[in-house]
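The values are calculated or read from the model by the stated rules, or taken from the named source; none is laboratory data. Source: prediction; values computed, not measured. Neighbour counts run over all protein chains shown; Cβ positions are idealised from the backbone, glycine included.
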Amino acid sequence: MKPALQNGFTLVEMAIVLMIVGLLLGGMLVPLSAQMDQRNISDTQKAMSEIKEAIIGYALANGRLPCPATATIATGQNNAGIALTTGSGSTLACSNATGVVPWATLGVNETDAWGNRYTYRVTSDFADGIGSNTYGGCTPSPIPTLATFGLCSVGNLNVLSAAPPAANTTIAGSVPAVIISHGKNSAGAWTTKGTQLPVGSNADEQENSDGSADTNYVSHTPTPTFDDLVVWISPNILFNRMVAAGKLP
């Protein structure tokens, strides 16, 4: 009797198949990683748009922009995510001009898609108490009674295409407030523990992470060393919304 034939792969054939499968899977890893990165960017951009709307909504309700929350307070501790102020009434002022988005005050997400807080900077004349008589270098006529700024008020923050002294152009000048996600590399971002991550050597990311050192911020297309996402409150949109709500004459 002839022995039965054994059907199946030889060891060599199995090795070839496994090698082919490995190459196919390896080729998919880069596109999948890129898709995840793009999803995180899209999710963060959407969240930042919601934060911007929440900030404008706060101004419509309170007549001023919210103050930053203190970056060094860990999640769950007293005043974490709260827009901190000093004084009251016409003497009200922000405890800090620069900090993180006051997520608890605004009812928005605390962190971006990479698990870090959003840096937030506001022009003090747009966030102080109503009746403080500081309007960003101008005197509105008539004087607003329902807002701390007027139609002539000017913000002191600038969004540039590169950090000085490099050649740059002004993308948005004299804006009232800026919001920053420090991206996937998280350079200079504040964590939920209230600690700041290392900034790195990129001058543009250093500019976005230097606290209140100056009033300049940088936004441009991503590079291998720069992946910050930057949005700002447009004064014209803010004024338009305030007028429509009856907060500005």
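Quick notes
- Matching strands (runs of 3 or more DSSP E) fully within segment 66-180 where at least 1 residues are within 18 Å of G194 (Cβ to Cβ) and modelled with pLDDT of 95 or more: 98-100, 119-122
- Restricted to segment 209-236, and to residues there that are in a loop (DSSP other than H, G, I, E, B) and buried (at least 21 other Cβ atoms within 10 Å of the Cβ), the residue that is nearest to the chain's Cα centre (by Cα) is D228.
Table: residues versus (1) crowded, with 17+ Cβ neighbours inside 10 Å; (2) touching a strand residue (DSSP E or B) at 6+ places or on another chain (Cβ under 7 Å); (3) over 29 Å from S219 (Cα atoms).
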position	(1), (2), (3)
C67	yes, yes, no
N78	no, no, yes
C94	yes, yes, no
V101	yes, yes, no
N109	yes, no, no
Y118	yes, yes, no
A127	yes, yes, no
C138	no, no, no
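Yes/no matrix, rows are residues, columns are (1) in contact with a strand residue (DSSP E or B) (Cβ under 6 Å, 6 or more places away or on another chain); (2) without any contact (Cβ under 8 Å) to a residue 60 or more places away in the chain:
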site	(1), (2)
P164	no, yes
A172	yes, no
V175	yes, no
W190	yes, no
G194	no, no
G200	no, yes
E207	yes, yes
G211	yes, no
P222	no, yes
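- Of the residues contained in segment 50-58, none is found to be in a loop (DSSP other than H, G, I, E, B) and either closer than 29 Å to L146 by Cα or modelled with pLDDT of 95 or more (or both).
- In segment 188-208, the residues that are part of a loop (DSSP other than H, G, I, E, B) and farther than 12 Å from R117 by Cα: P198, V199, G200, S201, N202, N208
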